[in-house]
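A.B. asks: Starting off with a structure, shown below.
Read-outs: derived from the displayed coordinates by stated rules, not from any lab. Note that the structure is predicted; figures quoted are calculated from it, not measured. Quick reminder, even Gly has a Cβ in these numbers, built from the backbone with ideal geometry, and neighbours come from all protein chains shown.
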Amino acid sequence: MSVLVAVSESPEGVAALTAGAAEAQLLDTDLVVVNLSVSKLDTSTVPSGVDVEVVDRHGVADRDPVEVVLDEIRDRAVQRLVIGLRRRSPVGKALLGSISQRLLIDAPVPVLAVKLRQGQGD
């Protein structure tokens with residue numbers, strides 16, 4: 001079994017990676033990190049006792065990020081998905097979809113949603 005974390009290039013992505021590593025330690029399992037950005041991901045903050053595998057996207061023309069994450073969940077024995085959430089206005093929530101929102105709805109496993117505390121990441 002694995003913990004899978006979807007990491008974007010944002011403070012929310014960093015928070016999700018930190019929470020995902022802690023969850024993998026808690027469950028005594030490995031960590032699969034889906035890098036949703038096209039730049040190299042820094043995993044130096046993951047504790048040394050956690051086995052980490054990074055799944056990189058292959059550029060802007062790559063598949064829909066949600067499908068990449070869902071495919072990884074389906075292809076592996078994933079027991080939990082960890083995602084970062086961004087604050088959004090009520091109008092933004094009603095009108096605009098987001099990767100996090102789609103993963104919350106479509107993930108076939110329990111989801112740990114991490115949001116930044118007030119003032120964090122500003």
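A.B. asks: For the chain, what relative contact order do you get, as a whole percent, if you take Cα pairs closer than 8 Å and at least 6 residues apart?
C.D. replies: Once divided by the residue count of the chain, the mean separation gives 32 percent.
A.B. asks: Now for a separate question. Sorting Asp42, Asp30, Asp106 on the 10 Å Cβ count, fewest up front, what's the list? Could the numbers behind the result be given before it?
C.D. replies: Working: Asp42 10, Asp30 16, Asp106 13.
Least crowded to most crowded, the residues run Asp42, Asp106, Asp30.
A.B. asks: Evaluate the relative contact order of segment 1-59 (contact order divided by residue number), counting alpha-carbon pairs under 8 angstrom at least 6 apart; express in whole percent.
C.D. replies: On the way: 96 pairs, mean separation 21.6, N = 59.
Once divided by the residue count of segment 1-59, the mean separation gives 37 percent.
A.B. asks: Test of understanding: ordering Lys115, Lys40 by Cβ neighbours within 10 Å, fewest first, what list do you get?
C.D. replies: Values: Lys115 16, Lys40 9.
With the fewest neighbours first, Lys115, Lys40 line up as Lys40, Lys115.
A.B. asks: If you take every DSSP beta bridge fully contained in the chain, what fraction is antiparallel? Give it as a percent rounded to 5. Walk me through the intermediate numbers first.
C.D. replies: Details: 0 of 20 bridges.
Restricted to the chain, the bridges split so that about 0 percent are antiparallel.
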